[in-house]
Amino acid sequence: MPISEVFSRYVYDSRGNPTVEVEVTTETGMYRAIVPSGASTGIHEALELRDGGQAWGGKGVLNAVSNVNDIIGPALIKENFDIKDQKAVDEFMIKLDGTPNKSLLGANAILGVSLAIAKAAAGEKKIPLYAHIAYLAGSKHAVVLPVPFLNVLNGGAHAGGHLAIQEFMIAPVGATSFHQAMQMGSEVYHILKRLAMTRYGQSAGNVGDEGGVAPDLTTPQEALDLICDSIEEAGYAGKIKIGIDSASSEFFKDGKYDMDFKNPHSDPSQWLTGEQLAELYINLVQSYPIILLEDPFAEDDWAAWSYFYGKVDTQIVADDLTVTNPIRIQRAIDCKAADTLLVKLNQIGTLSETIEAANMAFKAGWNVFVSHRSGETEDTTIADLAVGLQAGQIKTGAPSRSERLAKLNQLLRIEQEIGDKAIYAGINYRSSLNL
Ligand code: PGA
Ligand code: ZN
């Protein structure tokens, strides 16, 4: 079915910054996608085109919007693509841009179109988006609900305060269904909020960019104690595990790791070497029920990644290191840097390349962890992406704030729609392809 119209406008994301929205219209209706935006972005990501200048503090997306309306849309309509052929559409846009990092038209412009096209194709096929993505990805089936890694305590670039580590996530692996996982997560979240305020004062219940509480802590141990006490009080000890995203590229300076990077007077003599930071992780893993470490080292500190890999049993997730980019993923596989790929659509800029990246990771025996960005919207595509890829795990913030819950709520709907055939990845999340 041909495209009759491609239209873009700017709307606002969860941090109040402009972002690209795209509407693709076909005979079956209008299909809309909105593009997210990171704060702790990797330097190797595809380019998010911002206008610069005075308006919106330089964060306008008027150029990206007009690239969709004036260049990409008319070109796509002229080519008369079959929208079910996602790869052909995406490859055409990649060529139209012609740069290695989508810097001419903007990855935000291209991704908006790519996702709206996928939704239109699912609409034409009269199947849910997750089923269409499963078809595009060649997945065995689209019935596996991912474990939600709920980012209940925010630090780093996503919150005020002194805590360097960006995300502390709870993973209800011991639940038997997605909706039970959400109930467990929600109960723990509310206890955590109360405990944080009791221990650290009223303002400790304020939340960061991804909806987690953001008490002004200095050490990861304080955060982990709060979370473990909350899990225990809720009665879920053993059933809920913990994941950490250090987002350590944010505090990598002059070859060292500054755990006090938000203090302008941070003392360089206290900065940690890669080996000292590895030691800290080993201690944390021995003391707390941690099952996942993301970006433990910086995006180009390959030696530290390889040094650390194999020293702990936890999952090691590459985000800024690999940026959903096949070239960097191959390097990470070759040098045994990690065992799990964080998948963010806007790091690479098309759905087809995202699927290719995920399949490349699976083929190497890695896991795939689907992710939102810290700047999000009501768009729920990543919920369908996680089910379509059979990824087994997703992170989309705390069970709080609607831009986070939009995805989690969509997964609740998908679970109900699949009905008896739905399988919650649970404790088997690391072998999701076998479920
Ligand atoms: P970002 O954070 O969206 O700000 O990059 C998410 C992450 O680091 O995983
Ligand atoms: Zn990350």
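At-a-glance table
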{"quantity": "Number of positions in the range 329-379 that are free of Cβ contacts under 8 Å to residues at least 40 places away in the same chain, more than 15 Å from ligand 2 (Cβ to nearest atom) and over 27 Å from Leu96 (Cα atoms)", "calculated": "11"}
{"quantity": "Residue match in the range 180-191 (condition: surrounded by fewer than 24 Cβ atoms within 10 Å (Cβ to Cβ), within 16 Å of ligand 1 (Cβ to nearest atom) and modelled with pLDDT of 95 or more)", "calculated": "no"}
{"quantity": "Only one of Glu294, Glu376 that is within 16 Å of ligand 1 (Cβ to nearest atom) and touching a helix residue (DSSP H, G or I) at 6+ places or on another chain (Cβ under 6 Å)", "calculated": "Glu376"}
{"quantity": "Test: residue in the range 302-319 that is away from ligand 1 (no atom under 12 Å from the Cβ), surrounded by 24 or more Cβ atoms within 10 Å (Cβ to Cβ) and in contact (Cβ under 8 Å) with a residue 60 or more places away in the chain", "calculated": "no"}
{"quantity": "Pairs where the first residue, in the range 388-399, is on the phi > 0 side of the Ramachandran plot and the second is open to solvent by 10 Å² or more (accessible area, probe 1.4 Å) and more than 16 Å from ligand 2 (Cβ to nearest atom), C-beta under 7 Å, 6+ apart", "calculated": "Gln390/Ser139; Gln390/Lys140; Gln390/Leu433; Gly392/Tyr429; Gly392/Arg430"}
{"quantity": "Evaluation of Val152 against (1) hydrophobic (A, V, I, L, M, F, W, C); (2) part of a helix (DSSP H, G or I); (3) open to solvent by less than 60 Å² (accessible area, probe 1.4 Å) (one fails), failing number", "calculated": "(2)"}
{"quantity": "Gly243 at positive phi and either within 22 Å of the chain's Cα centre (by Cα) or within 16 Å of ligand 1 (Cβ to nearest atom) (or both)", "calculated": "no"}
{"quantity": "Identity of the residue in the range 247-268, in contact (Cβ under 8 Å) with a residue 24 or more places away in the chain and part of a strand (DSSP E or B), that ends up most open to solvent (accessible area, probe 1.4 Å)", "calculated": "Phe252"}
{"quantity": "Some residue of the range 272-283 being in contact (Cβ under 8 Å) with a residue 40 or more places away in the chain and away from ligand 2 (no atom under 16 Å from the Cβ)", "calculated": "yes"}
{"quantity": "Residue within the range 31-51 that is over 28 Å from Phe252 (Cβ atoms), part of a loop (DSSP other than H, G, I, E, B) and in contact (Cβ under 8 Å) with a residue 60 or more places away in the chain present", "calculated": "no"}
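The values are calculated or read from the model by the stated rules, or taken from the named source; none is laboratory data. Quick caveat, the model's predicted, so the values are computed rather than measured. When we count neighbours, we look across all protein chains shown, and the Cβ atoms used for this are built from the backbone with ideal geometry, even at glycine. The area values use the complete protein model at the heavy-atom level, side chains included, leaving out ligands, DNA and RNA. Shrake-Rupley method; radii C 1.70, N 1.55, O 1.52, S 1.80 Å.
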